[in-house]
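Here, each number is a calculation from the coordinates, and none is a lab measurement. Computed from a predicted model, the values in this text were never measured in an experiment. Positions of Cβ are generated from backbone atoms using ideal geometry, with glycine treated the same way; all protein chains shown enter the neighbour counts.
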Ligand code: TMP
Ligand code: MG
């Protein structure tokens, strides 16, 4: 078993329950004596994160490529801290990562997946990616929907199509309409198994 922590990523459309599940997973790992912390992207607490947050709440407009690069920069500014935590044996549960970056930006006209991937090349590659899936029409019924930029069914459908193209066979699909308890249990079991077979060396995106 590796001495480092595991990099665990949750991806999916808006309102699939990623944030709740990420928090629960950290809590459940901790209660099993496994060191784990939450990392949320975008991390809205940094200066770059504040600009992103203003963009998402319509307080600021930005060129599509500029905001794409800021989302990526927001991951890069956290990279060293993430590496040192993982090296200390702390697992990281990451609520959205570079896959959101590519899926959401490439859903916009004129931005290819290939272009969108480039700024994230060299970030840490996750050990496991959970992909929470549900029909955009179903997700629309969930609380708070529509407050932020991107939270509309038409755009989310395009994002879903981009995610499908991006998805690789190692991703673990999770039905977001399952009960929160069932999802939490599935995530915990899968992470425990992943950790038993964790390679010592970390890899990089997008290999
Ligand atoms: P959140 O709702 O998880 O806080 O994410 C905010 C929005 O930002 C969400 O609609 C997904 C989008 N997003 C991107 O467009 N690019 C990114 O790189 C990330 C992390 C999120
Ligand atoms: Mg959101």
How tilted is helix 180-196 with respect to the longest principal axis of the chain? Cα atoms for both, answer in degrees (0 to 90, nearest 10). 60 degrees
Treating the angle as unsigned and between 0 and 90°, give the value, to the nearest 10°, between the Cα long axis of helix 47-56 and the longest Cα principal axis of the chain. 50 degrees
Quick check on the stretch 164-207: what does the Kirkwood estimate of hydrodynamic radius come out to from the alpha carbon pairs, in Å? 12.7 Å
Rounded, prolate or oblate (a/c below 1.5 giving rounded, otherwise prolate when a/b exceeds b/c) for the stretch 98-207 by Cα gyration tensor: oblate
Working from Cα positions, state the angle (0 to 90°, nearest 10) between the long axis of helix 64-87 and the longest principal axis of the chain. 10 degrees
As a test, work out the antiparallel percent of DSSP beta bridges whose residues both lie in the chain, rounded to the nearest 5. 5 percent
Over 10 Å intervals from 0, what percent of Cα-Cα pairs in the stretch 32-97 sits in each interval? 20, 46, 23, 10, 1
Just report the Cα centroid separation between the stretch 51-74 and the stretch 169-207, whole Å. 29 Å
Would you mind putting 190-201, 8-19 in packing order, based on average other-beta-carbon counts within 10 Å, highest first? 8-19, 190-201
With the Cα gyration tensor of the stretch 98-155 giving a ≥ b ≥ c as the square roots of its eigenvalues, does the rule (a/c under 1.5 for rounded; else a/b larger than b/c for prolate; else oblate) give rounded, prolate or oblate? oblate
Value at 222 nm in deg cm²/dmol, rounded to 500, when DSSP H runs of n ≥ 4 in the chain each add -39,500 (n - 2.57): -15000 deg cm²/dmol
No solvent, one uniform scatterer per C-alpha: report log10 I(q)/I(0) for the chain via the Debye equation at q = 0.11, 0.16 1/Å, two decimals. -0.49, -1.10
Could the peptides 136-147, 151-162 be put in order, highest first, of the mean number of other beta-carbon atoms found within 10 Å of their residues? 151-162, 136-147
At what distance in nm do the modelled label points of residue 185 and residue 149 sit from each other, each positioned 7 Å from its Cα along Cα→Cβ? 4.1 nm
Between residue 35 and residue 83, what length comes free when the chain is fully extended (0.36 nm per residue of separation minus the Cα-Cα distance, one decimal in nm)? 15.8 nm
